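The values are calculated or read from the model by the stated rules, or taken from the named source; none is laboratory data. Remember, it's a predicted structure, so these values are computed and weren't measured experimentally. Neighbour counts are summed over all protein chains in view; Cβ atoms, including those assigned to glycine, are modelled from backbone coordinates with ideal geometry. Accessible surface is based on the protein model in full, side chains and every heavy atom, while ligands, DNA and RNA are left aside. Shrake-Rupley method; radii C 1.70, N 1.55, O 1.52, S 1.80 Å.
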Amino acid sequence: MDRTELADFLRRARSRLAPGDVGLSAGPRRRTPGLRREEVAQLAGMSTDYYTRLEQRRGSHPSRQMLSALARALRLTDTERDHLFHLAGQEPPRPGGSSGHVRPGLLLILDRLHDLPAMVVSDWGEVLAQNAMAVALAGGDHTGTNLIRSWFTVPGTRDLSPPEYHEQHARAHAASLRAVVAARPDDPGPAALVAELRATSEEFEALWKSHDVLARRPSPKRFLHPVVGLLDLDCDVLLSDGHSQQLIVHSARPGTPAYERLELLRVIGLQDLSPDPQDQPPPHHTIP
């Protein structure tokens with residue numbers, strides 16, 4: 001690990017970014033160009049103290065996950081990301097594998113989508129980046145998690161989808177994952193996920209044995225949000241080079257109930273405006 005060069009590279013990468021480049025408000029006038037250290041730390045999901053120590057040549061060896069997060073936060077190109085890994089004494093992600101590094105072009109678009117839920121997802125379900133609206137829609141920041149693993153193994157994951165769509169989504173998850181594994185048999189990430197799910201989920205094992213294959217395509221989506229209610233949203237997908245990453249954007253047509261509810265979601269963000277259960281009669285279990 002070359003602490004001196006790593007610190008210099010981080011400082012220079014930070015100084016060339018403006019808040020607007022990463023979807024942040026500029027706020028009061030800044031004395032120096034670039035992002036603040038605390039802003040980089042926030043974008044990378046780490047403590048400001050740890051990031052500061054990296055820039056001051058005092059930090060411990062960052063993990064591969066942390067380096068990937070820094071590469072996303074600083075909007076590094078693939079070449080710059082590899083350089084960051086080398087300076088930290090790590091081997092960069094190998095070509096053809098699942099690196100988790102978001103293409104700068106996709107991040108540029110994501111940063112400018114302020115009023116629509118949008119996220120970048122790998123072709124095998126890894127959530128690589130979300131904007132604030134996507135976090136509000138999903139009820140939390142799921143960056144770094146795998147949507148397919150969560151669907152089959154994490155209780156409560158399916159609550160955002162009406163029950164009548166659960167089987168359809170489960171089949172789509174399994175079939176799209178099978179297509180990815182066949183296309184990239186040497187990529188350890190998707191293969192390991194399949195092995196894990198076959199061992200832990202009887203539902204996934206049954207779907208896997210059916211050998212359905214499909215590629216994900218844009219289609220309308222229905223969400224059952226606990227605060228704003230039912231959302232019938234259009235879904236558009238922008239693919240990166242090689243189609244290994246997808247920028248997924250959800251929108252609603254003006255004049256529809258979903259449009260009004262999406263606007264309400266933008267206003268309230270992550271605030272929990274649901275009523276106190278002790279002050280309300282028992283629910284009737286109906287969809288608004």
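When segment 125-155 is filtered for residues that are assigned to a loop (DSSP other than H, G, I, E, B) and farther than 23 Å from Leu262 by Cα, the ones remaining, listed by number, are Gly125, Gly144, Thr145, Val154, Pro155. Considering only residues in segment 199-254 that are part of a strand (DSSP E or B) and of a type in the set (Gly, Ala, Ser), the one that is modelled with the highest pLDDT turns out to be Ser251. Looking only at residues in segment 147-183 that are hydroxyl-bearing (Ser, Thr, Tyr) and surrounded by fewer than 16 Cβ atoms within 10 Å (Cβ to Cβ), the one that is modelled with the lowest pLDDT is Tyr165.
Answer with yes or no whether Ala192 is of a type in the set (A, V, I, L, M, F, W, C), assigned to a helix (DSSP H, G or I) and within 23 Å of Ala69 (Cβ to Cβ). When the stated conditions are applied, Ala192 passes them. Only one of the numbered conditions (1) touching a strand residue (DSSP E or B) at 6+ places or on another chain (Cβ under 8 Å); (2) open to solvent by 80 Å² or more (accessible area, probe 1.4 Å); (3) of a type in the set (Ser, Thr, Tyr) is violated by Ser251, and that is (2). Beta carbons closer than 6 Å, at least 6 apart along the sequence or on distinct chains, pair a first residue in segment 179-198 that is touching a residue at least 12 places away in the same chain (Cβ under 8 Å) with a second that is charged (D, E, K, R) and surrounded by 19 or more Cβ atoms within 10 Å (Cβ to Cβ) for Val180/Asp123.
Among the residues making up segment 15-30, those that are in contact with a helix residue (DSSP H, G or I) (Cβ under 9 Å, 6 or more places away or on another chain), within 16 Å of Arg72 (Cβ to Cβ) and assigned to a loop (DSSP other than H, G, I, E, B) are Leu17, Gly23, Leu24. The residues on offer are Thr4, Thr52, and the sole one that is free of Cβ contacts under 8 Å to residues at least 40 places away in the same chain, part of a helix (DSSP H, G or I) and hydroxyl-bearing (Ser, Thr, Tyr) is Thr52.
Of the residues making up segment 93-111, none is modelled with pLDDT of 90 or more and closer than 24 Å to Tyr259 by Cβ. The residues of segment 109-128 that are farther than 18 Å from Val180 by Cβ, surrounded by fewer than 22 Cβ atoms within 10 Å (Cβ to Cβ), touching a helix residue (DSSP H, G or I) at 6+ places or on another chain (Cβ under 8 Å) and aliphatic (A, V, I, L, M), listed by number, are Leu113, Leu116.
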